[in-house]
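One structure is given below, encoded as structure tokens.
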Amino acid sequence: MPDETLFAQVLDPRNRANPYPLYARLRETPVSRQADGSYVVSTHAALRSLIFDPRLSSEDLPPSRRPRTGNPLKDWILNPIRNRVVNAHRPLIFRDPPDHDTLRGFVMKEFTIARVRDSHAKVAALVDALIDKCRGRDTVCLVDDLSYPLPVAVICELLGVPEADEAQFHAWAIRLATALEPDARHDEAGRREITATFDAISGYMRRLIRAKRRHPADDMLSGLAARGNRKNPAMGDIDLISTAILLLVAGHETTVNLITNGMLTLLRHPEELEKLKADPERAPRVIEEMLRYEPPVHFRTRKALGAIEVAGTTIPAGSTVVLLFAAGNRDPARFAHPDRFDPDRPDNQHFGFGGGLHYCVGAPLARIEAEIALVALCRRLVAPRLLDDPPPYRPGASLRGPENLAIAIAGIA
């Protein structure tokens with residue numbers, strides 16, 4: 001019989017450094033019912049069959065419910081209204097068509113290929129400047145020194161967030177990222193903290209959007225905030241706030257993991273680090289294999305709107321479904337030698353950026369940032385080596401990555 005506690009073990013922080021043996025056991029039953037009633041989908045074929053299935057809903061967040069304050073006006077009038085507004089205007093990754101498609105369309109009009117390409121020089125300059133700051137030291141703390149400050153600076157500039165406000169987003173982003181974790185959704189204290197954080201960042205965004213409308217600039221938020229007309233409708237203000245928050249949080253949290261997981265993997269495979277150092281043109285292949293081998297997002301949850309039969313199992317309507325993308329990425333039925341890191345792997349159709357309607361909007365930007373950062377780190381860090389293996393990991397099982405990565409160096413080239 002399948003072990004109904006396997007996904008609970010995946011969520012256990014003690015297994016954060018290496019969840020892949022658990023994923024292998026889950027793949028033995030492609031769709032497995034867990035003790036909490038959820039269904040975990042873990043093979044590449046089963047995941048591929050579900051990512052476009054309209055019977056799987058992304059609208060699976062529990063309803064917003066602000067705690068009692070003792071103030072009758074807030075408890076009986078204001079907070080219920082605020083809860084209804086939040087529930088109706090979730091970020092687009094928690095929305096189904098047609099709302100999801102409409103919101104995504106607005107974002108893609110601003111998140112253009114040209115805008116992403118134009119960020120290349122800025123990213124390269126930022127990477128070099130961050131590495132230069134490490135001169136005179138014998139260790140690099142990768143997350144604090146580069147993996148975090150780089151993507152937050154890039155997404156803030158793209159959106160038009162003032163540089164002086166970048167530091168505010170660190171704590172906000174960490175707290176909001178936990179909304180993707182199944183445990184956080186059932187933790188009342190955690191939900192209250194997420195709600196308070198969302199209210200704080202919403203207030204900030206509301207003020208920033210007003211400023212953009214008074215003084216528009218050449219940035220994404222100014223474009224999204226522009227007033228519409230009958231021919232070119234605009235995004236509503238509440239959806240605009242939730243979308244801006246999503247872009248800020250998702251725009252750097254996943255890239256932090258991609259860069260950090262990437263450098264960790266290269267340090268564990270020094271022959272690949274030397275190949276990339278000698279031939280930077282390998283970077284796109286390295287990043288694609290990194291997205292398969294150590295993806296920044298390991299799973300997403302959905303809700304079954306109707307009964308779904310997949311891989312010989314019927315998922316009942318109303319069930320929570322866990323799409324375990326990282327397990328599908330290591331499926332031996334799809335990839336030869338899946339536990340081997342091989343940038344020259346052919347036909348690398350991974351789930352590193354999810355799939356289907358919710359394929360990551362920022363994937364092109366994340367690829368550029370990771371490619372530039374990893375090439376520069378390989379070429380400029382002299383004799384790098386890991387100080388802790390495994391390193392300490394962040395708490396989240398969905399957004400999985402090291403909390404920090406200490407690297408000993410003999411200097412900066």
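The values are calculated or read from the model by the stated rules, or taken from the named source; none is laboratory data. The model shown is predicted, which means the values in this text are computed figures rather than measured ones. We place every Cβ from the backbone using ideal geometry, glycine too, and count neighbours over all the protein chains shown. Areas reflect the complete protein model, heavy atoms only, side chains present, ligands, DNA and RNA absent. Shrake-Rupley method; radii C 1.70, N 1.55, O 1.52, S 1.80 Å.
When only DSSP loop residues count, what trypsin sites (Lys or Arg not before Pro) in region 1-67 have their Cβ near at most 16 other Cβ atoms within 10 Å? The partial results should precede the final answer.
On the way: sites: Arg14, Arg16, Arg25, Arg27, Arg33, Arg48, Arg55, Arg65; in loops: Arg16, Arg55, Arg65.
Here the sparse-neighbourhood loop sites are Arg55, Arg65.
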**Study point:** Percentage relative contact order, the chain, counting C-alpha pairs under 8 Å, at least six apart
**Key:** 25
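Need one number: % antiparallel among DSSP beta bridges in the chain, to the nearest 5. Display every interim value, and only then the final one.
Working: 20 of 24 bridges.
Just about 85 percent of them are antiparallel.
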Practice item. Name the lysines eligible as straight-distance cross-link partners of Lys122: C-alpha to C-alpha under 24 Å, and not fewer than 8 places from it in the same chain. Key: Lys109, Lys133, Lys212, Lys277
Review point. If you stretched the chain out fully between Asp12 and Arg230, how much longer would it get, using 0.36 nm times the residue separation minus the C-alpha to C-alpha distance?
Key: 73.4 nm
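Where in the chain are the helices, taken as whole DSSP H runs, whose Cα atoms extend 20 angstrom or more along the long axis and whose Kyte-Doolittle mean reaches at least -1.0?
Those that clear 20 Å and a mean of -1.0 are 113-132, 188-214, 237-268, 363-380.
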**Study point:** Residue-span extension gain [Asn83 to Ser49] - 0.36 nm each, minus C-alpha spacing
**Key:** 8.8 nm
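Ignoring ligands, DNA and RNA, what percent of the accessible area of region 255-413 is carbon or sulfur (1.4 Å)? Display every interim value, and only then the final one.
Working: 2960 of 5660 Å².
On region 255-413, the fraction of accessible area on carbon and sulfur atoms equals 52 percent.
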Review point. Using a simple spin-label model with points 7 Å from Cα along the Cα→Cβ vector, what separation in nm is obtained for Asp99 and Arg135?
Key: 5.2
Check your understanding: Considering amide H positions built from the backbone, and no H for Pro or chain starts, which residues 5 or more places from Gly306, or on another chain, come under 5 Å of its amide H?
Key -> Gly318
Practice item. Could you compute the FRET efficiency for Glu281 and Ala333, with r as their C-beta to C-beta distance and R0 at 30 Å, rounded to 0.05? Key: 0.45
Review point. For labels at Asp237 and Glu4 in the simple 7 Å Cα→Cβ model, what's the distance in nm?
Key: 5.0
**Study point:** Accessible area of region 266-337 divided out per residue, in Å², using a probe of 1.4 angstrom
**Key:** 38
Point to revise | Sites Lys109 and Asn71, calculated FRET efficiency, Cβ-Cβ separation with R0 41 Å, nearest 0.05 | key: 0.50
Check your understanding: Full extension from Arg192 to Ala171: what is 0.36 nm times the residue separation minus their Cα-Cα distance, to one decimal in nm?
Key -> 6.0 nm
